[in-house]
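This report concerns only the one structure given below.
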Amino acid sequence: MKCIIQAWNNHEDELRSFLRGRLRDVHCTDDLLQDVFVKALANRKTFCQLKNTKAWLFRVAKNRLIDFQRTCKNHVKVSDQHSVQNDKSAPVANLSKCLPFVLTNLSTEDQEIIKLCDLEGLHQTEYASLKNMTVSGAKSRIQRARKKLKTRLQSSCQVAFNEQGTVCCFKVPDRRSVNPHL
C-alpha cells in the first residue's frame with residue numbers, strides 16, 4: 001500500500017494534467033483519476049513489484065481515457081450546481097476559492113506557468129516554445145511551481161485530508177494573513 005501512495009504522490013499531478021489536457025472537464029478528469037488509483041489498489045501485489053510505476057499509471061490512464069471516450073461520445077454535462085452538490089470532490093473544486101490568495105505569493109515565473117498551463121490549458125510544449133526553452137525545462141518548471149503551490153495551499157488554507165488521502169476541508173484565509181503586504 002505504501003508503494004502505491006508514494007507512486008501516486010509522485011505522479012498524480014502529471015496524470016491530472018495529462019487527462020485534463022485531453023478532456024477539458026475537471027469532473028471527468030477526477031473520475032478517471034480515481035479509476036486509475038482504484039486499479040492500482042486492486043493490483044497492489046504486482047504494482048509494488050513494477051520497475052516503472054509511472055509508465056504503468058499512464059498506460060492505465062490512457063486506456064481508461066480511451067474507454068471513456070468510446071462510451072461517452074454523447075456525454076451530457078450535468079449542471080454545475082447539481083454536480084457540486086452531489087460530487088464527493090466538491091472540497092477540491094471549492095479549493096479554487098483559496099487559489100487567488102495563494103497564487104499571488106508565488107514568484108512571477110511560477111504564477112505565469114501555472115496560470116497558462118494549468119488554468120488556461122496551454123500545453124507545456126507550447127509554453128516551452130513561447131518561452132524559448134526546452135520541453136523538459138518547461139516540464140521541470142511546471143512541476144516545481146505545482147509543488148510550491150501545493151505547499152502554500154496546504155499551509156495557508158489549512159487543507160485537511162481524510163483517511164483516503166483526499167481533501168476533506170480547508171479554510172479560506174484572510175487576504176492579509178496570506179500576503180501581509182496587502
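The values are calculated or read from the model by the stated rules, or taken from the named source; none is laboratory data. Being a predicted model, the structure only gives us computed values, none of them experimental. Here Cβ is always computed from backbone atoms with ideal geometry, including for glycine, and neighbour counts include all displayed protein chains.
Only residues that are among the charged types (D, E, K, R) and within 13 Å of the chain's Cα centre (by Cα): list them for the range 134-149, please.
If the condition is that a residue be among the charged types (D, E, K, R) and within 13 Å of the chain's Cα centre (by Cα), then Arg146, Lys147 are the ones that fit.
Has the range 31-43 got at least one residue that is buried (at least 19 other Cβ atoms within 10 Å of the Cβ) and of a type in the set (Gly, Ala, Ser)?
yes
Could you tell me whether the range 6-15 includes any residue that is in contact with a helix residue (DSSP H, G or I) (Cβ under 7 Å, 6 or more places away or on another chain), acidic (Asp, Glu) and under 16 Å from Asp67 (Cα atoms)?
Checked against the condition, which is being in contact with a helix residue (DSSP H, G or I) (Cβ under 7 Å, 6 or more places away or on another chain), acidic (Asp, Glu) and under 16 Å from Asp67 (Cα atoms), the range 6-15 yields no hits at all.
Let's see how each residue does on (1) charged (D, E, K, R); (2) at pLDDT below 85; (3) over 12 Å from the mean Cα position of the chain (by Cα):
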site	(1), (2), (3)
Met1	no, yes, yes
Ser17	no, no, no
Val60	no, no, yes
Cys72	no, yes, yes
Lys77	yes, yes, yes
Asp80	yes, yes, yes
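Would you point out the residue of the range 116-128, among those that are in a helix (DSSP H, G or I) and surrounded by 14 or more Cβ atoms within 10 Å (Cβ to Cβ), that is modelled with the lowest pLDDT?
Within the range 116-128, the match that is modelled with the lowest pLDDT is Asp118.
What about Asp35, is it assigned to a helix (DSSP H, G or I), within 18 Å of Arg146 (Cβ to Cβ) and either at pLDDT 85 or above or in contact with a helix residue (DSSP H, G or I) (Cβ under 7 Å, 6 or more places away or on another chain) (or both)?
no
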